[in-house]
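The values are calculated or read from the model by the stated rules, or taken from the named source; none is laboratory data. This one's a predicted model, so the numbers in the text were calculated from it and none came from an experiment. Cβ placement follows ideal geometry from the backbone for every residue including glycine, while neighbour counts extend to all protein chains displayed.
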Amino acid sequence: QRAKEDVLQKEVRVKILKDNIKMLATKVPSSGQDLATELNVVLENYQLLCNRIRGKCHTLEEVWSCWIELLQYLDLETAWLNNLEERVQMTGNLPDKLDAVNDALESLESVLRHPADNRTQIRELGQTLIDGGILDDIISEKLEAFNARYEELSHLAVSRQITLEQQLQTMRETDHMLQVLQESLGDLDRQLTSYLTDRIDAFQMPQEAQ
């Protein structure tokens, strides 16, 4: 912004100088025309310099816009990584109950269903800035830190997801076996009750006959 203001100030000065030279050339003898020509050359070179500075200002504005956009995407993805890390930590000490494990798995899976659009934007914006050779060290450091954390947490979350799925499957199978066992015990109890009832009736009938 300061460079842009500097360019504008210089352009105003160039215009004032040009006007003064023209006014001076009309008042001095013919030799003044030579001086005016030389000064015009100087002013033209000065104008070219201003144009180059303006071009650099435009480039810096584009770089700044790209950098701000990159930081915004990094903030979004960092917030998502924080959420993912929190969900993974919450699965560490779960009660040995099917509902608790199922809820934890669904919660983790909902976070893992995060679209990859933001990461694509981060990669493209970062590469654009690095290719331009502007802030490449800072950007590379930021991207490396982000990518390292993303890879670590993603692998940890997927590993935890697989563990929860296996745990849930085992608990469901155990619940099913217990249900089958309870039904079998219920059938056995009914059979024993029926058998004992028949035996008691058979024992009582001779006594009643006497």
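Only one of the listed residues (L108, L84, L153) is touching a helix residue (DSSP H, G or I) at 6+ places or on another chain (Cβ under 6 Å) and either under 29 Å from T174 (Cβ atoms) or exposed (fewer than 13 other Cβ atoms within 10 Å of the Cβ) (or both). That residue is L108. Determine, yes or no, whether I122 is aliphatic (A, V, I, L, M) and more than 25 Å from V88 (Cα to Cα). When the stated conditions are applied, I122 does not pass them. Scanning for something on the phi > 0 side of the Ramachandran plot, exposed (fewer than 14 other Cβ atoms within 10 Å of the Cβ) and either over 14 Å from the mean Cα position of the chain (by Cα) or free of Cβ contacts under 8 Å to residues at least 60 places away in the same chain (or both), does the stretch 126-143 turn up at least one residue? Among the residues of the stretch 126-143, at least one is on the phi > 0 side of the Ramachandran plot, exposed (fewer than 14 other Cβ atoms within 10 Å of the Cβ) and either over 14 Å from the mean Cα position of the chain (by Cα) or free of Cβ contacts under 8 Å to residues at least 60 places away in the same chain (or both), which makes the answer yes.
When R172, R160 are checked against the criterion of being under 60 Å from the mean Cα position of the chain (by Cα) and either closer than 30 Å to A116 by Cβ or β-branched (V, I, T) (or both), R160 stands alone in meeting it.
Inspection of the stretch 174-195 identifies no residue that is among the hydrophobic types (A, V, I, L, M, F, W, C), surrounded by 10 or more Cβ atoms within 10 Å (Cβ to Cβ) and not in a helix (DSSP H, G or I). Tell me which residues, restricted to the stretch 55-81, are surrounded by 13 or more Cβ atoms within 10 Å (Cβ to Cβ), of a type in the set (V, I, T) and modelled with pLDDT of 90 or more. If the condition is that a residue be surrounded by 13 or more Cβ atoms within 10 Å (Cβ to Cβ), of a type in the set (V, I, T) and modelled with pLDDT of 90 or more, then T78 is the only one that fits.
Among the residues of the stretch 175-194, is any touching a residue at least 40 places away in the same chain (Cβ under 8 Å) and touching a helix residue (DSSP H, G or I) at 6+ places or on another chain (Cβ under 6 Å)? No, the stretch 175-194 contains no residue that is touching a residue at least 40 places away in the same chain (Cβ under 8 Å) and touching a helix residue (DSSP H, G or I) at 6+ places or on another chain (Cβ under 6 Å). Condition test on L164, is it in contact with a helix residue (DSSP H, G or I) (Cβ under 8 Å, 6 or more places away or on another chain), farther than 20 Å from E77 by Cα and in contact (Cβ under 8 Å) with a residue 60 or more places away in the chain? Spelling it out, L164 is indeed in contact with a helix residue (DSSP H, G or I) (Cβ under 8 Å, 6 or more places away or on another chain), farther than 20 Å from E77 by Cα and in contact (Cβ under 8 Å) with a residue 60 or more places away in the chain.
Residues in the stretch 87-102 that are surrounded by 12 or more Cβ atoms within 10 Å (Cβ to Cβ) and farther than 26 Å from A148 by Cα: L94, L98, A100, V101, N102. One residue is enough: does the stretch 85-104 have a residue meeting the conditions assigned to a helix (DSSP H, G or I), closer than 30 Å to L70 by Cα and among the β-branched types (V, I, T)? Checking the stretch 85-104: at least one residue is assigned to a helix (DSSP H, G or I), closer than 30 Å to L70 by Cα and among the β-branched types (V, I, T).
Against the list (1) at pLDDT 90 or above; (2) acidic (D, E); (3) under 26 Å from the mean Cα position of the chain (by Cα), the condition E183 fails is (3).
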